[in-house]
Amino acid sequence: MQATETLRPSKSSWRKSKALKRFLANKLAVFGFVILLLVSVLALLAPVISPYDPAQIFFTDLRAAPSANHWFGTDELGRDILTRVLYGARVSLSAGLVSVTMAMLSGTFFGLIAGFFRGWVDELIMRVVDAMLALPFLVLAITLAAILGPSLQNTMLAIAIVSAPAFARVARGEVLAQREREYVQAAQALGASNARTVFRHLLPNISGPLIVQTSLAIATAVLAEASLSFLGLGVQPPTPSWGSMLNTARGYLAEGPWMAVFPGIAIFATVLAFNLVGDGLREALDPRGRR
């Protein structure tokens, strides 16, 4: 028994190393990871990188083109766009990470319960999930955000609610595929409780698809936060947000196109990077899915 226990960590470590090698072999996934790392570092070091305050107004530089003083130019109030893009990254990344974390925890919990117990519990949970998935993601997020009121906290809550059903469906499907496996039956035969069987044995073995779903869901959450802020349902002024910056730039596309270009590039690069990382994780954790 002792020898068997000592072999388990090495086997798990071997699997992790193989997955890591497959991920690193995917150049697009590594490229996406580098972009995410760069965006995260820039967001954290925003006060150090930019000498300006995101709400600081320069009356002599209204809608100024990119220059040595303002690398990305200024907006309609003379605020430095580079500074606001950097601080906006904090809002977008925090909204994506916090909302998806809440969605993952709640959705996975209900998916585990539905898949393991089945019966009327499964029917009740999955009918609610199906009803939520039947509605367009962004439409449901806009509805919830409008009901809750415009703020960053309510935006994250709305995104978390509409993201949770996808995690519930993934978790349920994986549990249904795993619950009849030998290790689950052995755990129950040895007297393991339902909670221990679900969280100690089933959950670690379905973590791969959940990790992939998390990375892809963050990309969707970042885009949803930008969309809600664009509509005025997300972060409120003067807090910078990529979506609200695009909304402001609509009226100045002819006079100051840079006002829309740079926050647009930031949204595009961040969402693309999360999708590339998600695809790389899918191939690394499930190499059978590769063509």
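Quick notes on this structure:
- Derived scalar couplings between HN and Hα for the stretch 251-261 equal x, 10, 5, 7, 7, x, x, 5, 5, 9, 5 Hz in order, rounded to whole Hz, by the Karplus curve 6.51 cos²θ - 1.76 cosθ + 1.60 (θ = phi - 60°), x for Gly and Pro.
- Lys, Arg +1 and Asp, Glu -1 on Cβ, resulting dipole of the stretch 77-285 about Cα centre, debye, nearest 20: 260 debye
- Note that the stretch 185-291 shows a convex hull volume over its alpha carbon atoms of 136 Å³ per residue.
- Sorting the Cα pairs of the stretch 92-229 by distance into bins of 5 Å, from 0 upward, gives 2, 11, 20, 20, 17, 12, 9, 5, 3, 1, 0 percent per bin.
- Solvent-free Debye calculation, one equal scatterer per alpha-carbon of the chain: log10 I(q)/I(0) at 0.07, 0.15 Å⁻¹ equals -0.34, -1.14.
- Taking Cα atoms only, the orientation of helix 81-117 departs from the longest principal axis of the chain by about 20 degrees.
- Amide N of the stretch 202-242 lying under 19 Å from the label point, which is placed 7 angstrom from the Cα of A146 along Cα→Cβ: 224-236
- Ranked packing of 117-125, 145-153, 85-93, most packed first, by mean Cβ within 10 Å: 85-93, 145-153, 117-125
- Taking the inverse of the mean 1/r over every pair of distinct Cα atoms in the stretch 7-161 gives a Kirkwood hydrodynamic radius of 19.8 Å.
- Inter-probe distance in nm under a simple model that places probes 7 Å from Cα toward Cβ, at I265 and R127: 5.2 nm
Every number in this text was worked out from the coordinates using simple rules, so none of it is lab data. A quick note: this is a predicted structure, and the numbers were derived from the prediction, not measured. Counting neighbours? That spans all protein chains shown, and the Cβs are built from the backbone with ideal geometry, glycine included.
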